[in-house]
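Q: Provided herewith is a single structure, encoded as structure tokens, for subsequent inquiry.
The values are calculated or read from the model by the stated rules, or taken from the named source; none is laboratory data. All of these numbers come straight from a predicted model, not from anything done at the bench. Cβ: placed from backbone, ideal geometry, glycine included. Neighbour counts: every protein chain shown. With ligands, DNA and RNA removed, areas are computed over all heavy atoms of the protein, side chains included. Shrake-Rupley method; radii C 1.70, N 1.55, O 1.52, S 1.80 Å.
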6 protein chains.
Amino acid sequence: MRPSGRAPDQMREIVMEAGFTRHAEGSCLIAFGDTRVLCTASVETNLPPWLRGKGKGWVTAEYGMLPRATHTRGRREAASGKQSGRTQEIQRLIGRSLRAVVDLEKLGERQITLDCDVIQADGGTRTAAISGAWVALRIAVDGLMKQQLLTVDPIRDKVAAVSCGIHNGTGVLDLDYAEDSTAGADGNFVLTGAGNIVEAQVTAEGETYDEEGLLRLLRLARIGCTEIFAAQDRATGR
Amino acid sequence: MRPSGRAPDQMREIVMEAGFTRHAEGSCLIAFGDTRVLCTASVETNLPPWLRGKGKGWVTAEYGMLPRATHTRGRREAASGKQSGRTQEIQRLIGRSLRAVVDLEKLGERQITLDCDVIQADGGTRTAAISGAWVALRIAVDGLMKQQLLTVDPIRDKVAAVSCGIHNGTGVLDLDYAEDSTAGADGNFVLTGAGNIVEAQVTAEGETYDEEGLLRLLRLARIGCTEIFAAQDRATGR
Amino acid sequence: MRPSGRAPDQMREIVMEAGFTRHAEGSCLIAFGDTRVLCTASVETNLPPWLRGKGKGWVTAEYGMLPRATHTRGRREAASGKQSGRTQEIQRLIGRSLRAVVDLEKLGERQITLDCDVIQADGGTRTAAISGAWVALRIAVDGLMKQQLLTVDPIRDKVAAVSCGIHNGTGVLDLDYAEDSTAGADGNFVLTGAGNIVEAQVTAEGETYDEEGLLRLLRLARIGCTEIFAAQDRATGR
Amino acid sequence: MRPSGRAPDQMREIVMEAGFTRHAEGSCLIAFGDTRVLCTASVETNLPPWLRGKGKGWVTAEYGMLPRATHTRGRREAASGKQSGRTQEIQRLIGRSLRAVVDLEKLGERQITLDCDVIQADGGTRTAAISGAWVALRIAVDGLMKQQLLTVDPIRDKVAAVSCGIHNGTGVLDLDYAEDSTAGADGNFVLTGAGNIVEAQVTAEGETYDEEGLLRLLRLARIGCTEIFAAQDRATGR
Amino acid sequence: MRPSGRAPDQMREIVMEAGFTRHAEGSCLIAFGDTRVLCTASVETNLPPWLRGKGKGWVTAEYGMLPRATHTRGRREAASGKQSGRTQEIQRLIGRSLRAVVDLEKLGERQITLDCDVIQADGGTRTAAISGAWVALRIAVDGLMKQQLLTVDPIRDKVAAVSCGIHNGTGVLDLDYAEDSTAGADGNFVLTGAGNIVEAQVTAEGETYDEEGLLRLLRLARIGCTEIFAAQDRATGR
Amino acid sequence: MRPSGRAPDQMREIVMEAGFTRHAEGSCLIAFGDTRVLCTASVETNLPPWLRGKGKGWVTAEYGMLPRATHTRGRREAASGKQSGRTQEIQRLIGRSLRAVVDLEKLGERQITLDCDVIQADGGTRTAAISGAWVALRIAVDGLMKQQLLTVDPIRDKVAAVSCGIHNGTGVLDLDYAEDSTAGADGNFVLTGAGNIVEAQVTAEGETYDEEGLLRLLRLARIGCTEIFAAQDRATGR
């Protein structure tokens, strides 16, 4: 039995509130159950120096967590003066995942930054961030197209992510904090709308796993992403 | 005429959503028009070293702004590795303002940290932060009393803050970004429920002002705070 | 009775030693009693990037305190790797105060940096810094005019600052450390030679205050600034 | 054809020089072809605060790269003042991988730090680091047992890591820099001597992959790790 | 001919103003010509952790330069967030030089910190700092003895420092900035009152030197230090 | 008797392994007994801003120590976020020493960076670094000449460095860690192949020394450098 009473292949409720903030070119407050992440997409024509004049753009991400998003208050990274290794690892993953479905040449010489800030954390913040960031990105690109700043859509596909893990010997989907902190192995899968894999990453925590375990988690991830893709379609009006 | 069409002594709509997040001992999403600040109160028994064993507590605050809370994206302070002077000035003001209405001895040996994170900015973020932080603090202290961890209420009064300024020669209340960036002078007043002043601060931007100007702004601030106090009462069920 | 035996509206002795150092374009060692601040004005033609090519200049300030300016040694900010919130708040105030009396367009494309370093602290360092920085600035601009680099004087007026506070229920002028650390409320006023207000800031420390208290402090500040203006005239030979 | 002329499932030459330095409790200079990483194990009885008094130990890792380990000189992280996101991600992976085969309770209240410093880089530095760090750890623990500081071996199994990727549509093992920088997908597998998976991580770079691709890479990783395990046995005299 | 018209073995005027500031346990504003350094000695009973409980004390130094001490304004180290290599090298030298004449066991469990802040720079700031810091230290220790906190004098001897260099082929004493920036070789000697060497350091700048050159500079240093010792005696009333 | 059993004027075994790494334009793993330092020379055409367009080049150095190069593990400077004063002092010395034998105009508009990383430390790391860095520099410049990027040799002479000290009253050459940590005075001499002095620096540690002591150490240094020069000749095939 899962702590939440969910079936092993059952996602938490997915809520996506597009347009949650008004200044960003795209925004989405995404919830996977009690995990809530505000994702905004900012379009800038000022490219990083190493990309200027190459006829293509860039998509990058930053991740943060409000100090009291968690059960006990964490130290504010701006106050401690640096981003933790975990933060950097996550924001690199978000950026990589979105770039996998964007044609940077078609994007033209502009940078889109996805800021993913965790308002409330209950496990799976990085996968919620990827899934919500895609919505913010989609909205921002739709805006560029509406303004005729782009005539060809640079987004090739949807992308979504979900966590899976082995809890008490059972493969489970979309771990909440209670499961996450006691799972034997847990991982994150990033999939495209077409079903391909962008990133697979599974870590043993305490107990190692085998090939069959890896595949079982991948199958769970497919189930979860299908639900997320549907929510993305609704949120972006497709 | 004000850019927003408001009367000189008219506040923007005040919305306070108490309990916006679930892990914090107190929380409030406060809006002054399009300015939205999430305030959480975290109760910790771990006091800063210089206060331990003195039989009293501490109330402090941290302030942050999501990178795309503003019209154009700002640099994430965690990434730049330090909090700006503006951030530090604001969080010092918030902490001072709340401590003015708290009896630290009655609070006992615990620290309450108010995290004020700006989700969307349209002028007046520091005054919204103070006003919302009081609600989060009130809820957190109510919780301590309900759990019998406190038997005497350490909060002596309400506290609220509002910005005022001189715009095109007229004193105006609760400036939004359009006014704020063109005001001749602007200031912030922090008042107690009893009508006393906790902090008055008025800065000339371009044109200096006189004693009468100072008093006019104070009178506007009283009008604004009366409205905020009423909203605080509603939000905390008093 | 004040700890120093002064009357409530009595300043400490003001001493301004213009030209204290020889490399700076302008310099002044200012003393308000035992508080001594070395202010230097450095003229540079290298503007910050965001101001270049706009046909106008900039006036900015930095503030520091020697580690043993105070009763007990403080940590050297260069060693701790960052400027405290207090330092940043003060240097922002100094810069703002001076810019209030300078016509930046008349200054032309140059930056003047006022470095205010506290040699000895006994309360009121920020107000001494503002008052002395004006002298250093005046001398530097006089030099530019003597060298014909400027033909029109960009300085519109004098500016001075003084602290006031409520100590044992009485409004007092120019608080020294003994008063400052026990005052119920204390503030700083920045005034122009013409008597206008550039900045008013009064903070309750322990006890709040009312409108009449605010006005009483402002009246004390006027008395103090009159004396400072006279000292500025003597120091700059006007 | 691979740039190096190797067969798809062919490792580069593996060289492990145990005892390369003399102060560390364990050390190994490991080479995967031109990639050379110096791994040292330092045993300390001073545990991190959060682990003290819990009757168990800790294994952690730090990773670094000499500035000219690479084709063009990189910035020294000590000079730039922080470790990059990549560095932090790698050192977290190394620590996690080793802890997966260590019984921390049997290790007792001591910390072993694995420093992995890349002397020369030609792709696969993180996998060489994990594989070499295990040797340094094994030697350090053997030393503790020889000194009777440990009576039960806390190391449960060997651990090794290798990179795999899809290059020109073909799955290839142990990518060198030339392949790594042009691979469509690349990943790292960390396996135990018993053949279980500690960590699987495969990232699409430009082209996504499917389940069959994931499994093909895992099979290649098994081939590579078998060779590494044999080299570990020789290096530690088992 | 020297730029200043001085004879090769002629010091600049030495002025030592003991007791320049009032909070420090000892202080001295020292001038070597236009070079002026404020040295303060702070006595603290709080030893650094690695020295506690060993029955002895510590003498250390920090060095800084006001931003406009120099001909052109330098960046404030507190603002740039770190002390330069030059600053650190100098403060290590000052501390070492003073410890050479102090019996740390006789000092007891207390730390004396010498802060040396350059008010105006014209070459030789580090040697002026050492020479002035000794005066501040002497005064601070005299104070401890007067208060009976020390009964045996822990200071064994005087210490002074002076710069020497080879300028246009001639050995010269106490270089000012004009000479320093064009010298072929320059060095610093730290000598005890008894004539022994604490530190000798001579660096070739452009042209190397030989053994005879080294000795010539040492002889010049002896001449300079004799004068400094006399000034130290006057300043400390011996 | 020396702890190592060496005669007072006896160097440890010197080993120089040129070409230890393959990416750098020049490299040398130098050993003075158990002290081993990897020196690499990186040639870059990108000059620091303050040197551009002046028709000359620059030679600079960076120094680091692997965390477990020492008897007990030291903190990684990249992790602590800054280079220690000692590190900065050493890398400044290395750069200065090499520039003393290089004609920067003949080098042309290029920068050569010498990275000196201590693999294992047993005293004398800075002198080994200078001596080995010269070899790496020589090889890099030979490469530039072979490629005809330079037609005139910018290196004027060899440079070597060695430590000397007074141990138990006897002058000794090339101190190892056991001697270094108990020496009464110790210093470093940097000499040119022609026998001139580039840098002499001798520090009293506990006991001061006199002119005769200084000269004795210089004579020892000459003996040591003669051996190092011979090793440099062999390593660079001269």
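Q: If you take every residue apart from B:I94 with its C-beta less than 11 Å away from the C-beta of B:I94, what net charge results, scoring Lys and Arg +1 and Asp and Glu -1? Spell out each step's value before the answer.
A: Numbers: positive: B:R92, B:R96, B:R99, B:R126; negative: B:E62, B:E89, B:D115, B:E199.
Net local charge, B:I94 excluded: 0.
Q: To continue, here is another question. Between B:R75 and D:E207, how many nm apart are label points set 7 Å from Cα along the C-beta direction?
A: Inter-label distance under the simple model: 4.0 nm.
Q: Something else: If r is the Cβ-Cβ distance from C:D180 to A:S181 and R0 is 56 Å, what FRET efficiency results, to the nearest 0.05?
A: Details: r = 50 Å, r/R0 = 0.89.
Efficiency, from the Cβ-Cβ distance: 0.65.
Q: Assigning unit charges at the beta carbon (Lys, Arg +1; Asp, Glu -1) and nothing else, what dipole magnitude in debye, to the nearest 20, does segment A:1-104 show about its Cα centre? Working shown, then result.
A: On the way: 17 positive and 10 negative charges, 84 e Å.
The dipole of segment A:1-104 has a size of about 400 debye.
Q: Accessible area of segment D:104-238 with a 1.4 Å probe: how many percent of it is carbon plus sulfur?
A: Carbon and sulfur: 46 percent of the exposed surface of segment D:104-238.
Q: Here are some pairs, E:K82/F:K146; A:K82/B:K158; E:K56/F:K82; which of them have Cα atoms lying more than 31 Å apart in this structure? Please list the in-between numbers first.
A: On the way: E:K82/F:K146 42 Å; A:K82/B:K158 36 Å; E:K56/F:K82 29 Å.
Pairs exceeding 31 Å: E:K82/F:K146; A:K82/B:K158.
Q: Per-residue HN-Hα couplings for segment D:31-48, Karplus 6.51 cos²θ - 1.76 cosθ + 1.60 at θ = phi - 60°, whole Hz, x for Gly and Pro?
A: So the J values, rounded to whole Hz, are 10, 10, x, 7, 7, 10, 10, 8, 10, 10, 10, 10, 9, 10, 8, 8, 7, x.
Q: Summarise the partner chain shielding of D:206-218 as one whole number: the mean count of Cβ atoms from other chains within 10 Å of each residue's Cβ. Could the numbers behind the result be given before it?
A: On the way: counts 2, 3, 14, 5, 4, 9, 0, 3, 6, 4, 0, 1, 4.
For this peptide, the per-residue mean of nearby foreign Cβ atoms is 4.
Q: Would you mind listing the distances between the C:A79 label point and the same position in each other copy? Use 7 Å along Cα-to-C-beta, nm, one decimal, shortest first.
A: Those label-point separations list as 2.2, 2.5, 2.5, 2.7, 3.5 nm.
Q: Under a point spin-label approximation (7 Å from Cα along Cα-to-Cβ), what is the D:D153-F:T170 distance to one decimal in nm?
A: 4.8
Q: Mean 1/r over all different Cα pairs, inverted: what Kirkwood radius does the protein assembly as shown give, in Å?
A: On the way: mean 1/r = 0.0284 Å⁻¹.
Kirkwood hydrodynamic radius for the protein assembly as shown: 35.2 Å.
Q: Quick one: of the DSSP bridges fully inside chain D, what percent are antiparallel, nearest 5?
A: Percent antiparallel among DSSP bridges in chain D is about 85.
Q: Just flag the trypsin sites (Lys or Arg not before Pro) in segment A:1-70 sitting in loop per DSSP whose Cβ has no more than 16 other Cβ atoms within 10 Å. Kindly include the intermediate steps, with their values, before the conclusion.
A: Details: sites: A:R6, A:R12, A:R22, A:R36, A:R52, A:K54, A:K56, A:R68; in loops: A:R6, A:R12, A:R22, A:R52, A:K54, A:K56, A:R68.
Answer in residue order: A:R22, A:R52, A:K54, A:K56.
Q: Would you compute, from DSSP H runs of 4+ residues alone, the mean residue ellipticity of the protein assembly as shown at 222 nm, taking -39500 (n - 2.57) per run and dividing by the full residue count, rounded to the nearest 500?
A: Values: 36 runs with 445 residues, N = 1428.
Rounded to the nearest 500, the figure is -9500 deg cm²/dmol.
Q: Right, here's the next one. When the Karplus curve 6.51 cos²θ - 1.76 cosθ + 1.60 is applied with θ = phi - 60°, which whole-Hz ³J(HN,Hα) does each residue of segment D:167-184 get, with x for Gly and Pro?
A: Once θ is set to phi - 60°, the couplings for segment D:167-184 become 10, 6, x, 10, x, 10, 9, 6, 5, 8, 4, 4, 6, 4, 7, 10, 5, x Hz.
Q: Can I ask one more? Could you please point out the chain A residue with its Cβ nearest to the axis of the rotation taking chain A onto chain E, and the distance in whole angstrom?
A: Closest Cβ to the A-to-E rotation axis, residue and whole-Å distance: A:G81, 5.
Q: Along Cα→Cβ at 7 Å, what distances in nm separate the C:A178 label point from those on the other copies, shortest first?
A: Between copies, matching label points for C:A178 lie 5.0, 5.6, 6.3, 6.3, 8.2 nm apart.
Q: What's the Kirkwood radius of chain C in Å, using all Cα pairs?
A: On the way: mean 1/r = 0.0552 Å⁻¹.
Roughly 18.1 Å, rounded to one decimal.
Q: Sticking with this structure for a sec: How far is helix D:211-236 tilted off the main Cα axis of chain D, in degrees rounded to 10, range 0 to 90?
A: 50
Q: Report the accessible surface area buried between chains F and E, summing both sides, using a 1.4 Å probe on protein heavy atoms only, in Å² rounded to the nearest 100.
A: On the way: alone 11450 and 11450 Å², together 20300 Å².
Summing both sides, the interface buries roughly 2600 Å².
Q: In a Debye calculation with equal point scatterers on the alpha-carbon sites of segment B:1-80 and no solvent, what is log10 I(q)/I(0) at q = 0.14, 0.20, 0.23 Å⁻¹?
A: -0.75, -1.06, -1.13
Q: Also: Please state the relative contact order of segment E:83-158 as a whole percent: Cα pairs under 8 Å, 6+ residues apart? Display every interim value, and only then the final one.
A: Values: 43 pairs, mean separation 34.0, N = 76.
Relative contact order for segment E:83-158 comes out at 45 percent.
Q: How high is the relative contact order of chain B, given as a whole-number percent (alpha carbon pairs under 8 Å, six or more residues apart)? If you can, show how the numbers build up before the last one.
A: On the way: 526 pairs, mean separation 53.2, N = 238.
So the answer I get is 22 percent.
Q: First select every other residue whose beta carbon is under 10 angstrom from the beta carbon of B:V59; then total the charges, Lys and Arg +1, Asp and Glu -1.
A: On the way: positive: B:R96, B:R99, B:R110; negative: none.
Computed value for this residue: +3.
Q: Separate question: Name the residues of segment D:165-201 whose amide N is less than 19 Å from a point 7 angstrom out from the Cα of D:E13 along the C-beta direction?
A: Answer for this model: D:174-178.
Q: Which distances, in nm and shortest first, link the A:Q148 label point to the same label point in every other copy, taking 7 Å along Cα→Cβ?
A: In nanometres, ordered from closest: 5.6, 5.6, 7.3, 8.8, 9.4.
Q: If you place +1 on the Cβ of every Lys and Arg and -1 on the Cβ of every Asp and Glu, how big does the dipole about the Cα centre of the protein assembly as shown come out, in debye to the nearest 20? Kindly include the intermediate steps, with their values, before the conclusion.
A: Working: 174 positive and 186 negative charges, 1 e Å.
Value, rounded to 20: 0 debye.
Q: Additional query: What translational D, rounded to a whole number of µm²/s, comes out for segment A:163-238 from Stokes-Einstein when the hydrodynamic radius is the Kirkwood one over Cα pairs, at 4 °C and 1.567 mPa s? Could you put the intermediate results ahead of the total?
A: On the way: Rh = 12.8 Å.
Once the numbers are plugged in, D ends up at 101 µm²/s.
Q: Let me ask you something else. Could you compute the net charge surrounding B:R216? Neighbours are other residues with a C-beta less than 12 Å from the C-beta of B:R216; K and R count +1, D and E count -1.
A: On the way: positive: B:R219, B:R222; negative: B:D9, B:D210, B:E211, B:E212, C:E211.
With Lys, Arg at +1 and Asp, Glu at -1, the net is -3.
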